[in-house]
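Single-structure report; data block below.
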Amino acid sequence: MEIQQRSEDVIATIRAMNRCWTEGWHEDEFRQYLHSDVVAIVPTTPGRLEGQDAYVAGWRGFCEAAEILV
């Protein structure tokens, strides 16, 4: 697969993932993009978010608190 096609695939995946939270909260769809052992460090939470449930809970909280303008 050539670089251009890989780049387009990555961009399409990121856009699809972003739609899971910018067009309403679609948790089941959002989860499909995450590894079960995902780890994140975010500015609003001390320490690390470890595991899919913790990561999703963080995004859910963000979506509930934020006003998303599309």
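Just so you know, all these numbers are worked out from the coordinates, no wet-lab data involved. Values in this document were obtained by computation on a predicted structure and should not be read as measured data. Note: ideal-geometry Cβ built from the backbone for every residue, glycine included; neighbour counts use all protein chains shown.
For the stretch 16-70, applying the loop criterion from DSSP together with a ceiling of 12 other beta carbons within 10 Å to the trypsin sites (Lys or Arg not before Pro) yields R48.
Taken over the Cα atoms of the chain, the convex hull encloses 116 Å³ per residue. Of the GluC sites (Glu not before Pro) found in the chain, those in coil by DSSP whose Cβ has at most 13 other Cβ atoms within 10 Å are E2, E23, E67. Relative contact order for the chain: 23 percent, from Cα pairs under 8 Å spaced at least 6 residues apart, divided by residue count.
Computed about its Cα centre, the charge dipole of the stretch 3-65 is approximately 180 debye, with only Lys, Arg, Asp and Glu carrying charge at their Cβ. Measuring r between the beta carbons of A12 and F62 and using R0 = 30 Å, the FRET efficiency lands at 0.85.
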